[in-house]
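Heads up, the thing below is written out as structure tokens.
The values are calculated or read from the model by the stated rules, or taken from the named source; none is laboratory data. Model, not experiment: these values are computed from the prediction. Cβ: placed from backbone, ideal geometry, glycine included. Neighbour counts: every protein chain shown.
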Amino acid sequence: MGLFLKKDVDDDCLLGIWEIIENYNSLFSKIKLLPDEKTTLDNFQNYQRKLEWLSVRILVNTLLEKDCNIVYNEQHKPFLSDNSHNISISHSKNLTSVLISSKKRVGIDLEFMSHQIHNVAHKFINYDEVLTNDPLQRRLHLYIHWCAKEAIYKICDKQDINFKQNLTIRPFELSQEGELEGLLHNRYGKEKFKLKYFLIDGYIVVWCNK
């Protein structure tokens, strides 16, 4: 499949999803790597991690229609080395997602809804958050909460944020796609975020920009 989705989701905000169906050699042939990038790739021991790493770079190059070099800060937040765009990256199972903007801060999270997330809900759901009582919908509700908090965490440079203590997702109605609001409160102050989400082939994608 390769490029699975390319969509302008807001003014100056482009979202892309890549489906990893290629093997290592096929992905590697699609991209030119700098020597330090090749060293990083070779140091990964996990085969799936190699595929994810390559797919991210191919996806960014495809979306921006140019060769790009992704670098990371001390919090492992990704940037383009030429500072032309802000980017956020997420991957789960066979999909890689990227959100890109030349002007706005961005955050995205993608999760394949595979495991029993209710077993860890106590680690990221706080007392101010409202979950559905419908057992058939509760798992989806939890995944959206988790992905929304991941997206906010990424847009805020991953600093001093505890998912349960510092992030609250306001009540929202479940749907195949929709909007919600997230609140951040930590030592740096308070901030509100408008987030959007959609379901696609068993995955949940949540993103925001600001």
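The set of residues from the range 71-115 being surrounded by 17 or more Cβ atoms within 10 Å (Cβ to Cβ) and among the β-branched types (Val, Ile, Thr) comprises 87, 89, 96, 98, 100, 106, 108. Of all residues in the range 62-90, those satisfying the criterion of being at pLDDT 95 or above and touching a helix residue (DSSP H, G or I) at 6+ places or on another chain (Cβ under 6 Å) are 88, 89.
Of the strands (runs of 3 or more DSSP E) lying entirely inside the range 99-210, the ones with 3 or more residues being under 24 Å from residue 58 (Cα atoms) are found at 106-112, 189-200, 203-209. Inclusion of residue 130 among residues that are more than 23 Å from residue 91 (Cβ to Cβ) and either surrounded by fewer than 19 Cβ atoms within 10 Å (Cβ to Cβ) or free of Cβ contacts under 8 Å to residues at least 60 places away in the same chain (or both) is warranted. Confirm whether residue 164 is closer than 28 Å to residue 46 by Cα, of a type outside the set (A, V, I, L, M) and in contact (Cβ under 8 Å) with a residue 12 or more places away in the chain. Against the criterion (closer than 28 Å to residue 46 by Cα, of a type outside the set (A, V, I, L, M) and in contact (Cβ under 8 Å) with a residue 12 or more places away in the chain), residue 164 does not qualify.
Within the range 104-116, identify whether any single residue is of a type in the set (Ser, Thr, Tyr) and either in the same structural domain as residue 78 (by TED's automatic domain parsing) or within 30 Å of residue 11 (Cα to Cα) (or both), and answer yes or no.
Scanning the range 104-116, I find no residue that is of a type in the set (Ser, Thr, Tyr) and either in the same structural domain as residue 78 (by TED's automatic domain parsing) or within 30 Å of residue 11 (Cα to Cα) (or both), so the answer is no.
Residues in the range 144-165 include none that are β-branched (Val, Ile, Thr), more than 18 Å from residue 92 (Cβ to Cβ) and loosely packed, with under 15 Cβ neighbours inside 10 Å. Only a single item in (1) in a loop (DSSP other than H, G, I, E, B); (2) closer than 20 Å to residue 97 by Cβ is not met by residue 63, and it is number (1). Just name the residue that is farthest from residue 161 (Cα to Cα) out of those in the range 30-61 that are modelled with pLDDT under 95 and hydroxyl-bearing (Ser, Thr, Tyr). Residue satisfying both the conditions and the ranking: 39. Yes or no: residue 124 touching a Phe, Trp or Tyr at 6+ places or on another chain (Cβ under 6 Å), modelled with pLDDT of 95 or more, at negative phi and surrounded by fewer than 16 Cβ atoms within 10 Å (Cβ to Cβ)? Considered against the rule, which asks whether it is touching a Phe, Trp or Tyr at 6+ places or on another chain (Cβ under 6 Å), modelled with pLDDT of 95 or more, at negative phi and surrounded by fewer than 16 Cβ atoms within 10 Å (Cβ to Cβ), residue 124 comes out as no.
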